[in-house]
Every structure is written in C-alpha cells, then in structure tokens.
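Everything on this sheet refers to the single structure shown next.
Just so it is clear, none of the values below were taken in a lab; they were calculated from the coordinates. Given the structure is predicted, the values throughout are model-derived calculations rather than measurements. Cβ coordinates were reconstructed from backbone atoms using ideal geometry, including for glycine residues, and neighbour counts include every protein chain displayed.
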Amino acid sequence: MRTRFKTDLTWADVTPKDAFLNRRSLIAGLGAAAAVGSIGGAAQAARIDTVPSPYSTDLEPNSYEDVTSYNNFYEFGTGKDDPAKYAGALTTDPWAVKIDGLVDRPGTYDLADLTKGVQMEERIYRFRCVEAWAMVIPWVGFELNQLLARVGVQSGAKYVAFETLVRPEEMRGQRRGTLDWPYREGLRLDEAMHPLTILATGLYGETMPNQNGAPIRLVVPWKYGFKSIKSIVRISLTAEEPPTSWNMANPREYGFYSNVNPEVDHPRWSQATERKVGGGLIARRQPTLMMNGYADEVMDLYKGMDLAKFY
Ligand SMILES: Nc1nc2c(c(=O)[nH]1)N[C@H]1C(S)=C(S)[C@@H](COP(=O)(O)O)O[C@H]1N2
Ligand SMILES: [Mo]
C-alpha cells in the first residue's frame, strides 16, 4: 500500500522558512513573466490551510519547479513548457462551476460557495502520465464525493462528466483545433465517489498555479494523467458513459477507463516502466505499478472486468 500514516505534518509545516520564501519569490517571478504580453493575469498565490491525509504517499515530492514547469495543458499549446509560459493569461477569479444533469440541486455555483466550509487536505499522490513519465505531487483538495453529496446525486446517475473552460481569447491553444474543445473527461459514479478522487484547488500548500489547472481541477491518481481534467467549469451527472476528449480523438489509443496498468501497453509504447521527472541528468526509469500503486484501494472497482478490454 502506498498510504502513509504520519498524519501530523503537512508540506508547509516541513518546508524550511527560507526555502519557502525563495519559492514565493520564484512564484512572483513566474507570474510577472507570464503577465508580459497577456491581457488577463494570474491571481497571486495564496496559502491554503490544510490538514494531512492518510492517503498521502511518503515518497519525496517532485520540486515545485518540476511540477509547475513540465505540464500538459493543450489549451495553452502542446509543448511541455507552453502552460508555464502562457497560462498566466487566464482569468481565474471570478469562477463558476455549472452542476447539472441527474442532481437534486442543479445550478451555477461560485467557486467560493463550492469550497465554503470545506476542510482542505494535503494529498501527496503519485501522478502518472500516459506518455510514461511520472511525478509525486503534493495537491491541496477535497474529496469529490463531498461535493456530490451536497448537490444530491439522483438514483439514475451512473457517470460524472466534466468540462474545462472554453475561452480562446485567453487560451491561445484553443485558437487551434488540436482537440475538439471543450476538453472533456468522465468517470463512472463509483470511481467518482472513491475517497482517492479529489477536486484540487492548490499544490504545495498554495492556490493552484494556472498551468496546473487553476482554480479547480480533478485528480484521479490511479488513472493516466489525462483523466485529471483541469480548470473545470461544468460537472454533469449522467445515465450514459460521457464522451471524453482523448477517446474521441483516438479511441484505439485512449480508452474511457485509462487505469494505470503495466500489463496493458499503449499501441505505440510500453507501459511497463516509467521515467521519473526531475532528479538531474540521469533519467531514472522505474517499474510502473498496477493502478499507479493504488491497487489495494481501487482494484475492487474492477472486479470481474477484463482490464485489457476496458482499457
Ligand atoms: N483541460 C485539460 N486538462 C488536462 C490536460 C489538458 O490538456 N487540458 N492534460 C492532461 C494531461 S495529459 C496530464 S498528464 C495532466 C497534467 O497535469 P499537470 O500539468 O498538473 O502535471 O493534466 C491533464 N488534464
Ligand atoms: Mo498526460
């Protein structure tokens, strides 16, 4: 199991003060760089009060620099450095999330209402992209099941669908047809209700950097990274499996489930090993873990299913 039970400290508690301050000035620098030539403007990073979680791994997190400079966020371009360069243009306040479909209390909710009274947790999770690179990221967030309980899931609901903002004026990658915008993702309802599935509003004890999906994104740590949709503006409860962006773009290569599985290769590369991002000149490969190391927690969800068929 990849959980840890040191429930007394969060990342902010253990970060030396001067390292923290250096990081703050780095953030300010990145923000200033991102603001050049942009119309919007990233919100200032702010501390978030968190409590630790037993679901956190005790692996060493990647550096703040790794987590915020090597990203996939096609709304800002396809290069790994495009999000850090261009996502500063995105206005993230005000932010509203429409919740609709098979729910008792549908509506368009202000982000502040969705998070009011919610105790944020630090969740240090392994993160695995389908491209076979991996990181460890200290997210700040809360369980999606808390939000679903508040809006009231109706009995016919079987899936949860998510959509990212469409705003080509601020999202320069959306002026091109790389994907069919909006970016869409989805989960089966039991996957969405699982305690490992979180809505994240920050990382490293602070509000979410724009390049990581500000102001609110999904994190599903046992699935390939593309399931963890960023900058969410709509959450819909549905009876049918919803269409999802990468599956629509290439159904043979990207399935709806996309559970991390060393035994099911991508048609164009092996998934048996992964490259850990960061750590200097020597690219370290390590074995891919079943369900990205969360098999003990989630394997029951897929009892009786052929994982190669439902990839
Ligand atoms: N809206 C949106 N969400 C997205 C993506 C994207 O391009 N657009 N990329 C996905 C992919 S492929 C990965 S690996 C992760 C990367 O998250 P990170 O940049 O915070 O590490 O975001 C996912 N969520
Ligand atoms: Mo990814």
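Annotation: the antiparallel percentage among DSSP beta bridges lying fully within the chain is about 80. Between the amide H of LEU203 and those of VAL140, MET208, distances stay under 5 Å, these residues lying 5 or more places away or on another chain, with hydrogens modeled in the peptide plane.
Distant-in-sequence amide contacts of GLU274, defined by a placed amide H-H separation under 5 Å and a gap of 5 or more residues or a different chain, comprise GLN286, THR288. For LYS276, what is the net charge nearby, where nearby means another residue's Cβ is under 12 Å from its Cβ and Lys, Arg count +1, Asp, Glu -1? Here the count lands on +2. Rounded to the nearest Å, what's the spacing between the alpha carbon centres of segment 191-226 and segment 74-132? Just the number, please. Result: 7 Å between the Cα centres.
Compute the signed sum of charges (Lys and Arg +1, Asp and Glu -1) over the other residues within less than 11 Å, Cβ to Cβ, of VAL260. Summing Lys/Arg as +1 and Asp/Glu as -1 gives +2. Under a 5 Å amide H cut-off, with hydrogens placed 1.01 Å from N, ILE48 pairs with GLU206, THR207 among residues at least 5 apart or on other chains.
Taken one residue at a time, the phi angles of segment 126-131 give Karplus couplings (6.51, -1.76, 1.60, θ = phi - 60°) of 5, 9, 10, 7, 4, 6 Hz. Gly and Pro are set to x.
Across segment 241-258, rounded Karplus estimates of 3J(HN,Hα) from the backbone phi angles (6.51 cos²θ - 1.76 cosθ + 1.60, θ = phi - 60°) give 4, x, x, 10, 4, 6, 5, 5, 6, 7, x, 6, 8, 10, x, 5, 6, 6 Hz, Gly and Pro being marked x. Annotation for THR108 and ARG268: the two label points, set 7 Å from Cα along the Cα-Cβ direction, are 3.8 nm apart. All other residues whose Cβ lies under 13 angstrom from that of PHE142 are scored, Lys and Arg at +1 and Asp and Glu at -1, for a net of 0. Applying the Karplus relation 6.51 cos²θ - 1.76 cosθ + 1.60 with θ = phi - 60° to segment 303-309 yields 3J(HN,Hα) values of 4, x, 9, 7, 6, 7, 7 Hz, where x marks Gly and Pro. Debye-formula intensities of segment 89-184, expressed as log10 I(q)/I(0) at q = 0.14, 0.22 Å⁻¹, are -0.79, -1.28 (one equal scatterer per alpha-carbon, no solvent).
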